[in-house]
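Colleague: The following block contains the structure, expressed as structure tokens.
What follows draws every value from the coordinates through simple rules; no lab data is involved. What you see is a predicted model; the values in this text were computed from it and never measured. Using ideal geometry, Cβ is built from the backbone for each residue, glycine included, and neighbour counts are taken over all protein chains shown.
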Amino acid sequence: MKRTLVTILLLVATLGLGGCGYNSMQAGDQSIKAAWAEVVNQYQRRADLVPNLVNTVKGFAQQEKDVLLGVTNARSKVGSIQATPELVNDPVAFQKFQAAQNELSAGLGRLMAISENYPQLKSDANFRDLQAQLEGTENRITVARKRYIDAVREYNLSVVQFPSNLTAMIFGFKEKAQFTVENEKEISTAPKVDFGNSAPAPAPAPVAPVAK
């Protein structure tokens, strides 16, 4: 009798969990992990292109040391962040990750702008191939980010909306960190490069007094 009662209670509890959002939140959590893994994969693909891009540009534009160093340092900062699945549960760590990726995006924008001033670099086959790979990777990053954003939006709604929010509180489901669009327009626009190599204009010669 006791065994039958326990079985019935377990069955009721299982049906109750399914109806109050527990299963959907579990599924949403798994979807977010998969989407996040793809985001990280595409960002890593982009980071892997940076050394070859820097070396190729350096061969034609060694004087652009500040831009080349900026991209290299940005890539190093990206590599120092451990983009584990748990990072999406830490808004502060997630913000640092996004800031580092945005910095690398801005640096790559400057690197691409340099090519407009060096015709030989633009015509180099290796540079053109790397540029095409970078453009393709940026497109894949956009797609991966959108999938992550959509997955997090759906999951976060279930965490805060009634009655599934009660289940979230009981079982410890919390909202996941989300990408923001802060500075997206600025990052996507290649900055204007000012070489500043022109010599200063000579001071005007003193005017001799007019004899009376």
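Colleague: Work out the FRET efficiency for Phe171 and Ile149 from their Cβ-Cβ distance, taking R0 = 25 Å, and round it to the nearest 0.05. Write out the running numbers ahead of the final one.
Modeller: Details: r = 24 Å, r/R0 = 0.96.
Working from the Cβ atoms, E equals 0.55.
Colleague: Quick one: Karplus J couplings for the range 97-110, per residue in order, coefficients 6.51, -1.76, 1.60, θ = phi - 60°, nearest Hz, x for Gly and Pro?
Modeller: Running phi through 6.51 cos²θ - 1.76 cosθ + 1.60 with θ = phi - 60° gives 4, 5, 4, 5, 5, 5, 5, 5, 4, 5, x, 5, x, 5 Hz.
Colleague: Starting at the first residue of the range 34-46, write each ³J(HN,Hα) from the Karplus equation 6.51 cos²θ - 1.76 cosθ + 1.60 with θ = phi - 60°, in whole Hz, x for Gly and Pro.
Modeller: 5, 5, 5, 4, 5, 4, 4, 4, 6, 5, 5, 4, 5
Colleague: Through the Karplus equation 6.51 cos²θ - 1.76 cosθ + 1.60, θ set to phi - 60°, convert the phi angles of the range 120-130 into ³J(HN,Hα) values in whole Hz; use x for Gly and Pro.
Modeller: Using θ = phi - 60°, the values come out as 5, 5, 4, 8, 5, 4, 5, 5, 4, 5, 5 Hz.
Colleague: Report, in listed order, any pair from Lys33/Lys174; Lys96/Lys176; Lys33/Lys77 with a Cα-Cα distance greater than 19 Å.
Modeller: Lys33/Lys77
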